[in-house]
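See structure below.
The values are calculated or read from the model by the stated rules, or taken from the named source; none is laboratory data. Bear in mind that the values here come from a model prediction, so they are computed numbers and not experimental data. Because the Cβ atoms are built from the backbone with ideal geometry, glycine has one as well, and the counts that use them run over all protein chains shown. Note: accessible area is taken over every heavy atom of the protein model, side chains too, but ligands, DNA and RNA are not part of it. Shrake-Rupley method; radii C 1.70, N 1.55, O 1.52, S 1.80 Å.
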Amino acid sequence: MKFSVDKHEKYVVLKLEEPKFTNDNTPALKSEFVLLNTEGYRNIVLDLSAVKECNDAQDLSSLLAGDRLCKAADGIFIVCCVNKSIAQIIQMSNLHQSVTFVNKLDEATDLIFMEEIEKELRGGVDKG
């Protein structure tokens, strides 16, 4: 499975660089989510801009694993840059009810920073 990892202070972007999302690459993707989470990344963005095809909603179940890991670490898991055919599978499988999807990478990073600011403000209120 080909992918790139772009690590930032508050989040990490994992870009899947495969034309197809299949059950061949989902185990490696889940492993990468676990590895990043273990490294302390609680906010993960999965960029699917290079992925053009997904034949089975079951293959997308790895997204739920990423979402659970981030939520357990008090973070957020965001999927961005999904093409129309994959978006239809996501709609049919109701994945959009569990996982956060945005159209562009900059929307994902904005959402992460808003979440982080909110957490800091809530933390500040609790201490005061």
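Some notes on this structure:
- FRET efficiency for the M92 to A65 pair, using the beta carbon distance and R₀ = 22 Å, is estimated at 0.65.
- Carbon/sulfur fraction of accessible area - the stretch 3-126, other protein chains in place, 1.4 Å, %: 50
- Top positive-direction residue, dipole computed over the chain with Cβ charges, set L36, T26, F101: T26
- Take the stretch 3-126 with all the other protein chains still there, run a 1.4 Å probe, and you get 54 Å² of accessible area per residue.
- Site pair E17 and K52 shows an inter-label distance of 1.7 nm when each label is modelled 7 Å from Cα along Cα→Cβ.
- Relative to the Cα centre, the charge distribution of the chain, modelled as +1 at Lys and Arg Cβ and -1 at Asp and Glu Cβ, gives a dipole magnitude of about 140 debye.
- Counting only DSSP H runs of at least 4 residues, each contributing -39500 (n - 2.57), and dividing by the residue count of the chain, the helix-based mean residue ellipticity at 222 nm comes to -14500 deg cm²/dmol.
- Efficiency of FRET from Cβ geometry, L35 and A72, R₀ 25 Å, rounded to 0.05: 0.95
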